[in-house]
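The structure appears right after this line, and notes come after that.
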Amino acid sequence: MYVIFKIYKKAFLITFVKPFNYSNVIADMKKVLLTTLFFISIQISNAQLYFPPTSGNVWDTISPANLGWCQDKIDTLLDFLETKNTKAFIVLKDGKIAIEKYYGTFTVDSLWYWASAGKSLTGFLVGLAKQDGFVNLSDSTSHYLGSGWTVCPPAKEGLITVLDQLRMTSGLDDLVPDNYCTDDTCLQCLADAGTRWAYHNAPYTLLDGVIASGTGQSLNIYLQNKVKTPTGMTGLFVPSGYLNVYVSTPRSMARFGLLALNRGNWDGNQIMTDTAYFNAMTNTSQNLNPSYGYLWWLNGKPTYLVPGFQIPIPGPLMPHAPMDMIAALGKNGQFINVVPSQNLVLIRMGDAPGVGEVPFTFNDSIWEKMNDVMCGSTSVNSDIKNKTEINLYPNPAFQTVSFFSAIEDNYQIYNLLGENIKSGIVLSGENKIDLTGIESGTYILRIGKRNSKLIIKGQ
């Protein structure tokens, strides 16, 4: 309440000390009301959430039986994860550990990489640098990195902003031989900034330089001061080629998920005070890919784009997952899933789940089994039970891929360049598509206007 008192005191001074203007009064009081409601919501949320101590391995647990979950389904989920080369799996409910499992020699103290799930942590750090006044999202990236960080014409380079780096709209060519490369020669303009969405690792990686330049601190020191110390997170950004890859324990990954679940508040300590930034970060950031925020993936949107592919795919990113879920997704299945509606955090660490499996489909498979554990309590998109839903098998496929359709239609198969490489007719009933002659890789199968599916073509 002391914080709220300070807010009202500031609003009083702003409203009545400056020259009186009725519109100013109304605007100021609206700000006060919204801010007050935010802090009240945080206080309510804090009352519902448990936060582990910032040191040691003490972490309260809650029994799945006490949650009313179907315990007989837990082993099925855990066995599935074991077959998919999982090393660590944690589910938090209301901040408490409901499920925790480690495989092989991996333990609670083992270290593992986050891969691209670390992008979401970087997005959070940019927000902190913004609220501290070190970084302006509308600034040209050149303001922090200097001119000539790309080989684009100066005018084109100058259009690229920090915001574009956050939302993957730099306009830089993601189809260069190495899109991890941050050398200027690898950074070539393909479109004007803000006009094209593409999952491009290099512009993201250069946000590390933006943070360092803006704050005057290294990425790891800023992270230590702003996030690790107040939350008890451990870990480090480690250089790996062109990348800085975050490495930590599974529980540290879960701590960051809990911090995101509580909108940047850790046990009453409001780490991210810039609520506008947090809202923007966890909602659609542009109209090209509704399923992407500021380095966070968003479920429940009408369409999504996948890396390397420019054709929107209809439907939510992960139809079996809760529709309000936000996710940090990394290579080989490094996941932080945050579900505000259910106070859930789910994390997975491990090796690649299988040949050709992509994070979206693997994560969705986990949620399909998690729904059974929760006895069907997850907010699942009703379309997955619709008779028009298409399920491919086997997938990954080799010679043929099969599916059942309730209606007749047409199909097209696209490569990741958006080129149509095969078309045909879908019959009512069982269908089988011959994949002979198609190179191994990832493709999009589009059936009429009602379904798009990823096909993994094996060797």
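Every number here is computed from the coordinates shown, using simple stated rules; none is lab data. Note that the structure is predicted; figures quoted are calculated from it, not measured. Positions of Cβ are backbone-derived with ideal geometry, glycine not excepted, and every protein chain shown enters the neighbour counts.
Just name one of VAL108, GLY123, THR436: the one whose Cα is farthest towards the positive end of the charge dipole of the chain (beta-carbon charges, Lys/Arg +1, Asp/Glu -1).
GLY123
Could you work out how far apart the two model spin labels at ILE311 and GLN188 are, taking each label as a point 7 Å from the Cα in the direction of the beta carbon, and quote it in nm?
My value for the distance between the label points is 2.5 nm.
Need one number: % antiparallel among DSSP beta bridges in the chain, to the nearest 5.
95
Tally Lys/Arg at +1 and Asp/Glu at -1 over every other residue whose Cβ is under 12 Å from the Cβ of PRO250; what's the total?
My count for the surroundings of PRO250 gives +3.
Could you size up the charge dipole of the chain around its Cα centre, putting +1 on the beta carbon of Lys and Arg and -1 on that of Asp and Glu, and report it in debye to the nearest 20?
For this selection, approximately 1220 debye.
Does the range 386-457 come out rounded, prolate or oblate by the C-alpha gyration tensor, with a ≥ b ≥ c the root eigenvalues, rounded set by a/c under 1.5 and, if not, prolate when a/b is larger than b/c and oblate if not?
The shape class here is prolate.
What is the calculated FRET efficiency for GLN399 to ALA352, with r their C-beta to C-beta distance and R₀ = 30 Å, to the nearest 0.05?
That gives a FRET efficiency of 0.85.
What dipole magnitude, in Debye to the nearest 20, does the range 118-224 give about its Cα centre under +1 on Lys/Arg Cβ and -1 on Asp/Glu Cβ?
Values: 5 positive and 11 negative charges, 59 e Å.
Roughly 280 debye for the range 118-224.
Below 12 Å, Cα to Cα, which aspartates and glutamates can LYS130 reach? Residues fewer than 8 away in the same chain don't count.
ASP139, ASP274
Label the range 98-195 by shape, choosing from rounded, prolate and oblate, from the square roots a ≥ b ≥ c of the eigenvalues of the Cα gyration tensor; if a/c is under 1.5 it is rounded, and otherwise prolate applies when a/b is larger than b/c, oblate when it is not.
On the way: a/c = 2.96, a/b = 1.79, b/c = 1.66.
Prolate shape, in that a/c is at least 1.5 and a/b is the bigger ratio.
Let me check against my output: what whole-number percent is the relative contact order of the chain, with C-alpha pairs under 8 Å and at least 6 apart?
Details: 896 pairs, mean separation 66.9, N = 459.
After rounding, I find 15 percent.
Find out how many positive minus negative residues lie around TRP297, taking Lys and Arg as positive, Asp and Glu as negative, among other residues whose Cβ is under 13 Å from that of TRP297.
Net of charged neighbours comes to +1.
Suppose only helical runs count, i.e. DSSP H with n ≥ 4. What mean residue ellipticity at 222 nm does that imply for the chain under -39500 (n - 2.57) per run, divided by all residues and rounded to the nearest 500 deg cm²/dmol? Please report the intermediate quantities before stating the final value.
Numbers: 13 runs with 136 residues, N = 459.
Result for the chain: -9000 deg cm²/dmol, rounded to the nearest 500.
May I ask for the longest run of the chain untouched by GluC sites (Glu not before Pro) that are loop-located per DSSP and have at most 14 neighbouring C-beta atoms (other than their own) within 10 Å?
By the stated rule (loop sites, at most 14 other Cβ atoms within 10 Å), 1-407.
How much length would be gained if the chain were fully extended between PHE80 and SER110, taking 0.36 nm per residue of separation minus their Cα-Cα distance, in nm to one decimal?
8.7 nm
Relative to the longest principal axis of the C-alpha atoms of the chain, give the angle of the C-alpha long axis of helix 2-17, reported between 0 and 90° and rounded to the nearest 10°.
The answer is roughly 60 degrees.
Could you please state, rounded to a whole Å, how far the C-alpha centre of the range 98-167 is from the C-alpha centre of the range 255-315?
13
Using a ≥ b ≥ c from the Cα gyration tensor of the range 251-312 (square roots of the eigenvalues), is it rounded, prolate or oblate, where a/c under 1.5 gives rounded and otherwise the larger of a/b and b/c decides, a/b for prolate?
Here the range 251-312 falls in the prolate category.
If r is the Cβ-Cβ distance from ASN225 to GLU439 and R0 is 56 Å, what FRET efficiency results, to the nearest 0.05? Numbers along the way, then the final one.
Working: r = 49 Å, r/R0 = 0.87.
Computed FRET efficiency for ASN225 and GLU439 comes out at 0.70.
If you stretched the chain out fully between SER138 and ASP324, how much longer would it get, using 0.36 nm times the residue separation minus the C-alpha to C-alpha distance?
Answer, rounded to one decimal: 64.2 nm.
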